[in-house]
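This is the structure I have questions about; it appears just below.
The values are calculated or read from the model by the stated rules, or taken from the named source; none is laboratory data. Note that the structure is predicted; figures quoted are calculated from it, not measured. In this analysis, Cβ positions are derived from the backbone assuming ideal geometry, glycine residues included, and neighbour counts consider all displayed protein chains. Surface accessibility is based on the protein's heavy atoms, side chains included, excluding ligands, DNA and RNA. Shrake-Rupley method; radii C 1.70, N 1.55, O 1.52, S 1.80 Å.
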Amino acid sequence: MSIRLGGIIFGLAIAGILVLWSLVPGVKNYAFGPPAEVQPATVFYEHGEGPEGGYAFDGPLGRWDYAQLQRGYQVYKEVCSACHSLKFVSFRNLAQLGYTEAEVDAEAASWTVPGIDPQTGETTTRPGEPTDHFPSPYPNAIAAAAANNNAIPPDLSLITKARHGGARYVYSILTGYGEPDPALAKKVGFETPTGLYFNKHFPNVNIAMPPPLVLDGQVSYADGTKATIPQMATDVSAFLTWTAEPSLVARRQTGWFVIGFLLFATALAFLSYKQIWAGMKPKKK
Amino acid sequence: MSFAWAKHYEPKTPLTKWLDEKLPLPRLVYNAVGAGYPVPRNLNYMWNFGVLAGFFLVVQIVTGVVLAMHYAANSQVAFATVEHLMRDVNWGWALRYAHANGASFFFIVVYLHIFRGLFYSSYKAPREMIWLLGVVIFLLMMATAFMGYVLPWGQMSYWGAQVITGLFSAIPLVGEPIQHWILGGFAPDNAALNRFFSLHFLLPFVIAGVVILHIWALHIPGSSNPTGVEVKSESDTVPFHPYYTAKDGFGLGVALIFFATMVFFLPNYLGHPDNYIEANPLSTPAHIVPEWYFWPFYAILRAFTGDLTIPFTGITLIPAKLLGVIAMFGSILLWFFLPWLDKSPVRSGHYRPLFNKFFWFGLIPTMAVLFYCGGAPAEEPYVMISQVATAYYFLHFLVILPIVSQIEVPKPLPFSITEAVLGTDKPGSTSGAGGIAPETVVGDLPGSTPEGTPQPAE
């Protein structure tokens, strides 16, 4: 009895404190307090939907489009890598994009990576080898911030896993630059701060990254595909999906096999359950 | 073991005879989950989740031990070793996704197991100890899951550690020293990561130990059942093996299909994208949210927005943060008192009309609302909604449940489990058609000794 009495007292007390000291002031403030400020982000932000037609790897049966991944790699190499590192990916991983061993060697050698001089022991640079990771464009975070108006360009290895929307987010950012509607901007008193760029798909619409893809034909694709801005954005976002999760397609293929086996095993388990229990339950009336 | 008619283990081969004399391990298994354990014949699918919880504990331990072989608990390299595991270790991605989603599935099945216990009042005498040990397991699981989430050293890991250890700083006077002692510093860093890894490795084995006690305590009164009427005779039970091993096998298959779907097709759905950004003490994420299984309790924590003050004096008695911490821990710790708060002699919610209404239209919607609000940003109207739900949560367990159990008139119970299943028990043993008046059953329910009451194990 005393436990129940104590429980009732404690329950009433905590609910009473909650209602009188938290809920009532909260409701009062919500109803009569000053209205919340309008954030420019909520006026200009538009959710990006990604490229028309989607990606080859979409859906449970999706596959890599290797030509697309190779084009995306080219966009990364010629545009993004000026500022963004790709530190969790090695050159040897490029073999998964359909490059031959010789092509991977050549590709690795086309990058300059930090090294140690074997004679003097001093730090130097050397051509990359397949076992090397992609080099970072800046020696450290302070150098990165100093070169980029105090914003550190994020590493891109995991970018499509580290943002809501994944590849579609990356595509939207790359294609979301422009100017805010001048009439609307005037109305809410919005101005893009100096050193930042307006991007309607970036959560607070002011992004530190200057528009990276500005011209059609900025990259000359080796396979002859026309390099429009949406095409380059699609290709590089597909490539960054692969860098974030090289096992994506293999994972789903394994999944189909595992689930197929489990469906079969579970059906057998169900039949044996029914057989063992036969006669234990009355027939339904 | 627990009933007179339980089958006895008989070793047949010379090897098993020899083993039975030296170390009767097969006998133990036979009596625990074999033909030697008589179980009520009317268990529904809600009774599958105990075995499933045990299964997912094993999954977590096995995948976790292998993951630990490729992981380094050092704040400089932890994030990179996880990426090494995902990219360079054969089947590393499968192991890690199985472990991350295995934690979620462990919580799903445990929540369903607790839900079963709440609806069928499995916590009542003579099964209080099973319930108390279960609450201990749940608390250990929460601690283990929290520390495991810190290990990848992503943004949510780091800021989650900051927020959760910050709870201890709400304790008056000694709060901040305690927080610094737990973290081994003023903020989460290498010291915190190292000790969390050590404890994350240790606690699953502590859980396994308490699970053994949980099952041991279960085998003394035997399993409860959906009618809540105790086992009276042999016709009320079936041997665990093969009847429930077969049923659990089917349940396991269904659970694994859902599990494999998450692991292979939506492995990051239950996670948070911010945790793929390496921990950065200088950049706070916009919304710090814990994993989904903590959301209801996180909503309770955040519901307290105002300090408890003496009106018109400005004197603060208890700051809002401390109120939130008390309420959050209290919301789970009150489960320890449940067997004594709910004194209704009838167990099953099916035979308790008033309890049934409060359960389905009060507690279940409240938990859903708390779950939703815990994952939402701390803005209106979510804060007000979670305040109402939090108030109901405490009123439900601490006020409504004791009063309902006092004033409720239960429905007639079946005479026995056999009657509930077959519509009739041995001819002559039931006087009237259907059930008997609840008052007569009420007397011998909580652990007294009518015929068929379990004898304690030797």
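Going by average Cβ neighbours within 10 Å, how do the peptides A:89-100, A:20-31, B:4-15 rank, with the highest at the top?
Details: A:89-100: 17.5, A:20-31: 15.5, B:4-15: 11.7.
Going from most to least packed, we get A:89-100, A:20-31, B:4-15.
Which ³J(HN,Hα) values, rounded to whole Hz and listed in residue order, are derived for region A:204-210 from phi using the Karplus coefficients 6.51, -1.76 and 1.60 in 6.51 cos²θ - 1.76 cosθ + 1.60 with θ = phi - 60°, glycine and proline given as x?
Along region A:204-210, the couplings run 10, 6, 10, 10, 7, 7, x Hz.
Viscosity 0.692 mPa s, temperature 37 °C: what is the translational diffusion coefficient of region B:304-373 from Stokes-Einstein with a Kirkwood Rh over Cα pairs, rounded to a whole number of µm²/s? Before the final figure, lay out each step's value.
Working: Rh = 15.1 Å.
Result for D is 217 µm²/s.
Let me ask something else. Which of the helices in chain A meet the span-like rule: DSSP H, Cα axial reach of 24 Å or more, Kyte-Doolittle mean at least 0.0?
On the way: long enough: A:248-277 (42 Å, 0.96).
Length and hydropathy pass: A:248-277.
Based solely on its DSSP helices, what 222 nm [θ] is calculated for the protein assembly as shown when runs of n ≥ 4 H residues each add -39,500 (n - 2.57) and the sum is averaged over all residues, nearest 500 deg cm²/dmol?
Details: 29 runs with 370 residues, N = 743.
-15500 deg cm²/dmol, from helical runs alone.
Continuing with this model, one more query. Using modelled backbone amide H atoms (1.01 Å from N, in-plane), which distant-in-sequence or interchain residues come within less than 5 Å of B:Gly154's amide H?
Here B:Ala279 satisfy the definition.
Okay, next question. How big is the A-B contact in terms of buried accessible area, both chains counted, 1.4 Å probe, rounded to the nearest 100 Å²?
Details: alone 18690 and 22520 Å², together 36070 Å².
Chain pair A/B: roughly 5100 Å² of buried accessible area.
Would you kindly derive the ³J(HN,Hα) couplings of region B:92-105 from the backbone phi angles with the Karplus curve 6.51 cos²θ - 1.76 cosθ + 1.60 (θ = phi - 60°), listing them in order in whole Hz, with x for Gly and Pro?
Working through the residues one at a time gives x, 4, 5, 4, 5, 5, 5, 6, 5, 6, x, 4, 4, 5 Hz.
With a ≥ b ≥ c taken as the square roots of the eigenvalues of the C-alpha gyration tensor of chain B, please select rounded if a/c is under 1.5 and otherwise prolate if a/b is larger than b/c or oblate if it is not?
Numbers: a/c = 2.27, a/b = 1.35, b/c = 1.68.
In terms of gyration-tensor shape, oblate.
Could you compute Rg(Cα) / (2.2 N^0.38 Å) for region A:54-185, with N its residue count?
Details: Rg = 17.9 Å, N = 132, 2.2 N^0.38 = 14.1 Å.
Dividing the Cα Rg of region A:54-185 by 2.2 N^0.38 Å gives 1.27.
Here's another thing I want to ask about it. Counting only C-alpha contacts under 8 Å and six or more residues apart, can you give the relative contact order of chain A as a whole percent?
Values: 312 pairs, mean separation 64.4, N = 285.
Relative contact order here is 23 percent.
Hey, another quick one. Name the residues of region B:52-87 whose accessible area, probed at 1.4 Å, falls by at least 10 Å² once all protein chains are in place instead of their chain on its own?
Flagged in region B:52-87: B:Phe79, B:Ala80, B:Glu83, B:Met86, B:Arg87.
Among B:245-255, B:326-336, how do they line up from the highest to the lowest mean number of other beta-carbon atoms within 10 Å? Don't skip to the answer; put the middle values down first.
Values: B:245-255: 20.4, B:326-336: 17.7.
The packing order, highest mean first, is B:245-255, B:326-336.
Now a separate question. Using 0.36 nm per residue of separation minus the Cα-Cα distance, give me the extension gain between A:Lys186 and A:Asp117 in nm, one decimal. Working shown, then result.
Numbers: separation 69, 0.36 × 69 = 24.84 nm, distance 5.87 nm.
Taking A:Lys186 through A:Asp117 to full extension adds about 19.0 nm, to one decimal.
Give the calculated FRET efficiency between B:Asp189 and B:Leu28 to the nearest 0.05, with a Förster radius of 51 Å applied to their Cβ-Cβ distance.
Details: r = 46 Å, r/R0 = 0.90.
E between B:Asp189 and B:Leu28, to the nearest 0.05, is 0.65.
Please get the size of the charge dipole for chain B, origin at its Cα centre, with Cβ charges of +1 on Lys and Arg and -1 on Asp and Glu, quoted in debye to the nearest 20.
Details: 22 positive and 26 negative charges, 112 e Å.
Value, rounded to 20: 540 debye.
Please give, to one decimal in nm, the separation of the simple spin-label points placed at B:Ile171 and A:Ser110, each 7 Å out from Cα toward the Cβ.
Spacing of the two 7 Å Cα→Cβ label points: 6.0 nm.
Same structure again: Can you run the Rg to Rh ratio on chain A? Use alpha carbon positions and the Kirkwood inverse-distance Rh.
Values: Rg = 28.2 Å, Rh = 24.2 Å.
Taking Rg over the Kirkwood Rh, I get 1.17.
So how much slack lies between B:Met46 and B:Asp20, counting 0.36 nm per residue of separation and subtracting their Cα-Cα distance, in nm?
Values: separation 26, 0.36 × 26 = 9.36 nm, distance 3.45 nm.
Taking B:Met46 through B:Asp20 to full extension adds about 5.9 nm, to one decimal.
Moving on. Given charges of +1 on the Cβ of Lys and Arg and -1 on the Cβ of Asp and Glu, with all other atoms neutral, how large is the dipole of the protein assembly as shown about its Cα centre, in debye to the nearest 20?
2560
Now, a different point. How much area per residue is accessible in the protein assembly as shown when the probe is 1.4 Å and only protein heavy atoms are counted (Å²)? Show your work: numbers first, answer last.
Numbers: 36070 Å² over 743 residues.
I get 49 Å² per residue for this part.
Moving on to the next point. Which parts of region B:107-125 would a label at B:Leu266 reach, counting a residue when its backbone N lies under 15 Å from a point 7 Å out along Cα-to-Cβ?
Under cut-off, by backbone N: B:108.
Of A:Phe202, A:Val113, A:Ser81, which is farthest along the charge dipole of chain A in the positive direction, counting Lys and Arg as +1 and Asp and Glu as -1 at C-beta?
Farthest towards the positive end: A:Phe202.
Report Rg/Rh for the protein assembly as shown, rounded to two decimals, where Rg is the Cα radius of gyration and Rh the Kirkwood radius. Before the final figure, lay out the partial values.
Details: Rg = 30.7 Å, Rh = 30.0 Å.
In the protein assembly as shown, Rg relative to Rh is 1.02.
Tell me the label-point distance for the pair B:Ala68, A:Ala67, using the 7 Å Cα-to-Cβ offset, in nm and rounded to one decimal.
The answer from the label model is 5.0 nm.
How large a share of the accessible area of the protein assembly as shown, in percent, is made up of carbon and sulfur atoms when the probe is 1.4 Å and the other protein chains stay in place? Please report the intermediate quantities before stating the final value.
Working: 24090 of 36070 Å².
In the protein assembly as shown, the share of accessible area belonging to carbon and sulfur is 67 percent.
Now for a different question. Quick one: if you stick a label point 7 Å off each Cα along the C-beta vector at A:Asn150 and A:Thr194, how many nm between them?
1.3
How high is the FRET efficiency from B:Ile407 to B:Ala368, r the C-beta distance, R0 30 Å, rounded to 0.05?
After rounding, the FRET efficiency stands at 0.65.
Can you find, among A:Phe10, B:Phe168, B:Trp360, the residue sitting farthest towards the positive end of the charge dipole of the protein assembly as shown, where Lys and Arg contribute +1 and Asp and Glu -1 at Cβ?
Sorting the options by dipole projection puts first B:Trp360.
If you only keep lysine pairs separated by 8 or more in sequence, or across chains, how many in region A:136-250 come under 29 Å at the Cα atoms? All intermediate terms of the calculation are to be shown ahead of the outcome.
Values: A:Lys161/A:Lys200; A:Lys161/A:Lys226; A:Lys186/A:Lys200; A:Lys187/A:Lys200; A:Lys200/A:Lys226.
Here the count comes out as 5.
Follow-up. Give me a single rounded figure for B:339-349: the average over its residues of other chain Cβ atoms within 10 Å of their Cβ. Please list the in-between numbers first.
Details: counts 1, 6, 6, 2, 3, 0, 0, 0, 0, 0, 0.
If you average over the peptide's residues, the count of other-chain Cβ atoms is 2.
In what sequence, highest mean first, do B:289-298, B:184-193 appear when ranked by Cβ atoms within 10 angstrom? Spell out each step's value before the answer.
On the way: B:289-298: 21.2, B:184-193: 16.6.
Order by mean packing, descending: B:289-298, B:184-193.
Quick one: Cα centre-to-centre distance for region B:56-90 and region A:1-64, in angstrom?
33
What is the calculated FRET efficiency for A:Lys281 to B:Lys7, with r their C-beta to C-beta distance and R₀ = 30 Å, to the nearest 0.05? Could you put the intermediate results ahead of the total?
Values: r = 21 Å, r/R0 = 0.72.
That gives a FRET efficiency of 0.90.
Per residue in region A:26-47, which ones lose no less than 40 Å² of accessible surface when going from chain alone to all protein chains (1.4 Å probe)?
A:Tyr30
In peptide A:161-172, how many Cβ atoms from other protein chains are near each Cβ within 10 Å, on average?
On the way: counts 8, 9, 4, 3, 1, 2, 0, 0, 1, 0, 0, 0.
What the average comes to for A:161-172 is 2.
What is the magnitude of the charge dipole of region A:80-176 about its Cα centre, with +1 placed on the Cβ of each Lys and Arg, -1 on the Cβ of each Asp and Glu, and no other charges, expressed in debye to the nearest 20?
Using Cβ point charges on Lys, Arg, Asp and Glu, region A:80-176 gives about 620 debye.
Would you look at the GNM of chain A, springs on alpha carbons closer than 10 Å, and say which of A:Ile259, A:Ile152, A:Ile17 moves the most?
A:Ile17
Next question, about the same structure. Quick check: Cα centre of region B:364-386 to Cα centre of region A:169-238, how many Å?
The distance from the Cα centre of region B:364-386 to that of region A:169-238 comes to 36 Å.
Let me ask another. First check a/c for region B:1-143, with a ≥ b ≥ c the square roots of the eigenvalues of its C-alpha gyration tensor; if it is under 1.5, answer rounded, and if not, answer prolate when a/b is larger than b/c or oblate otherwise. Please report the intermediate quantities before stating the final value.
Details: a/c = 2.87, a/b = 1.53, b/c = 1.87.
Oblate.
Can you classify region B:190-340 as rounded, prolate or oblate using the Cα gyration tensor, where a ≥ b ≥ c are the square roots of its eigenvalues, rounded means a/c under 1.5, and otherwise it's prolate if a/b beats b/c and oblate if not? Don't skip to the end; give the middle numbers.
Numbers: a/c = 2.42, a/b = 1.45, b/c = 1.67.
Taking the square roots of the gyration eigenvalues as a ≥ b ≥ c, region B:190-340 is oblate.
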